[in-house]
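The values are calculated or read from the model by the stated rules, or taken from the named source; none is laboratory data. It should be emphasised that the depicted structure is a prediction, and the values quoted were computed from it without experimental measurement. Here Cβ is always computed from backbone atoms with ideal geometry, including for glycine, and neighbour counts include all displayed protein chains. All accessible areas refer to the heavy atoms of the entire protein, side chains included, with ligands and DNA or RNA removed. Shrake-Rupley method; radii C 1.70, N 1.55, O 1.52, S 1.80 Å.
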Amino acid sequence: MARAKQLGRLQLFDQALKESFCEQVQIQQDLRQALARKEFELHYQPLVAMETGEVRGAEALLRWRHPRRGRLGPARFIEVAEDTGAIEPIGRWVLETALYQLHLWQRRWPGLEMHVNVSAKQLLGGDLYEICWHQLNRYRLTPGTLVLEITETSLLEEIQVVSRLCNQLGELGIVLAIDDFGTGYSSMRYLQRLPVQKLKIDRSFVMDLETSRENREIVPAIIAMGQALDLVVTAEGVETESQRRLLKQWGCDMVQGFLYGRPVDPHLFEQRYLRINETA
Ligand code: C2E
Ligand code: MG
Ligand code: MG
Ligand code: MG
């Protein structure tokens with residue numbers, strides 16, 4: 001009896017594994033066509049100054065309108081794209097699209113920043129510098145308004161190569177931000193050595209500020225460290241008023257999260273977050 005039950009469970013597990021494997025293979029195949037079929041879109045989430053509540057910029061977040069599965073978030077396909085190399089053309093499309101959008105927005109809001117996520121594969125892949133150089137010349141954006149977000153862990157891969165590239169990007173006037181800070185292992189020395197100007201505290205630390213005493217120790221420590229190194233500190237994933245209050249008390253510079261606004265399409269972003277600034 002017990003054995004039959006166990007076997008049943010094993011079969012279920014096996015079934016689930018097969019399905020998830022098939023899904024991955026399917027996604028991998030569909031990804032090849034997705035760019036040509038124009039299935040990708042960027043949504044934008046506001047980045048807000050803590051002191052004034054003003055929207056200073058947008059983070060571009062990739063979405064895939066899958067023909068059968070509906071709209072997929074990056075968690076469902078970025079890793080596959082990295083493994084297959086599809087991330088290179090997709091990453092180029094993301095940069096081109098986000099910078100064109102920034103160019104349009106900067107005609108009316110010249111200081112607006114655009115944050116674009118860049119994966120380790122793109123950093124090591126080769127033509128990131130050329131793409132940025134080309135797009136920056138093409139659109140004549142306000143210097144210092146393109147921010148590349150790089151996760152802590154990808155900075156640690158092949159440190160020599162990455163640090164040389166980061167310096168070259170810095171010379172183009174591109175600002176670098178460490179994304180998901182606190183989830184990797186950056187040392188202070190390391191932060192000093194790379195031309196990084198911003199740091200984003202990972203959502204997992206912000207999420208349970210109200211309930212976790214530990215996080216109420218860690219977060220102000222990260223903010224203080226950021227200030228000591230002259231970095232602009234952003235907290236991700238701010239959802240509640242009490243999180244906001246704590247972060248403000250600790251001197252966090254920038255905030256991002258559902259409390260201020262969800263990622264939305266460019267039209268809505270402009271309506272909701274940019275025009276508001278003007279009338280206020
Ligand atoms: P990330 O760069 O840390 O982006 C923040 C993620 O947190 C986004 O998820 C955003 O929708 C979500 N978020 C923001 N505020 C809140 C909040 O208050 N509560 C909750 N629960 N979530 C919040 P998303 O869009 O699913 O993106 C996930 C990750 O995928 C991103 O994390 C980034 O690492 C990666 N990604 C997104 N777009 C791109 C891209 O164009 N290229 C690359 N290479 N990676 C991307
Ligand atoms: Mg990011
Ligand atoms: Mg992040
Ligand atoms: Mg994050």
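Before moving on, here are some points about what is shown:
- The C-alpha atoms of the chain define a longest principal axis, and helix 128-139 lies at about 50 degrees to it.
- Remark: segment 154-280 carries a charge dipole of roughly 240 debye about the Cα centre, counting +1 on each Lys and Arg Cβ and -1 on each Asp and Glu Cβ.
- Measuring with a 1.4 angstrom probe and ignoring ligands and nucleic acids, Ser20 comes out at about 60 Å² accessible.
- Segment 5-161, accessible area per residue, ligands and nucleic acids excluded (1.4 Å, Å²): 54 Å²
- Loop-resident sites, segment 195-242, for GluC sites (Glu not before Pro), counting at most 16 other Cβ within 10 Å (DSSP): Glu210, Glu239
- Per-residue extension of 0.36 nm, minus the Cα-Cα distance of Lys38 and Leu156, leaves a gain of 39.2 nm for this segment.
- Calculated from backbone phi, Karplus (6.51, -1.76, 1.60) coupling profile of segment 142-151 in Hz, x at Gly/Pro: 4, x, x, 9, 9, 10, 9, 9, 10, 6
- For Lys121, solvent-accessible area (1.4 Å; no DNA, RNA or ligand), Å²: 100 Å²
- What the Cβ-Cβ distance of Gln15 and Met188 gives, at R0 = 41 Å and to the nearest 0.05, is a FRET efficiency of 0.25.
- Coil-residue GluC sites (Glu not before Pro) of segment 152-183, DSSP, other Cβ within 10 Å capped at 15: Glu157, Glu158
- Here Ile276 and His103 are evaluated by their C-beta separation; at R0 = 30 Å the FRET efficiency comes out at 0.90.
- Ranked order, Arg164, Arg65, Arg213 - accessible area, probe 1.4 Å, largest first: Arg213, Arg164, Arg65
- Comparing Cα centroids, segment 142-158 and segment 184-220 end up 16 angstrom apart.
- Spatially close Lys pairs in the chain, defined by Cα atoms under 25 Å apart and a spacing of eight or more places or different chains, total 6.
- Near-label residues of segment 68-104 by backbone N, under 19 Å of a point 7 Å along Cα→Cβ of Cys22: 68-70
- Taking the chain and dividing mean pair separation by its residue count, relative contact order in percent (alpha carbons under 8 Å, at least six apart): 18 percent
- Relative to the longest principal axis of the Cα atoms of the chain, the long axis of helix 213-228 lies at roughly 40 degrees.
- Rounded to 10°, Cα long-axis angle of helix 87-106 versus longest principal axis of the chain: 30 degrees
- Val264 accessible area, assembled protein chains, probe 1.4 Å, Å²: 10 Å²
- Fraction of accessible area attributable to carbon and sulfur, segment 110-190 (%, probe 1.4 Å): 51 percent
- Average Cα contact separation per residue, segment 45-186, under 8 Å, 6 or more apart, as relative contact order %: 20 percent
- DSSP beta bridges fully contained in the chain are about 40 percent antiparallel.
- Across segment 124-280, the relative contact order, built from alpha-carbon pairs under 8 Å that are at least six residues apart, equals 16 percent.
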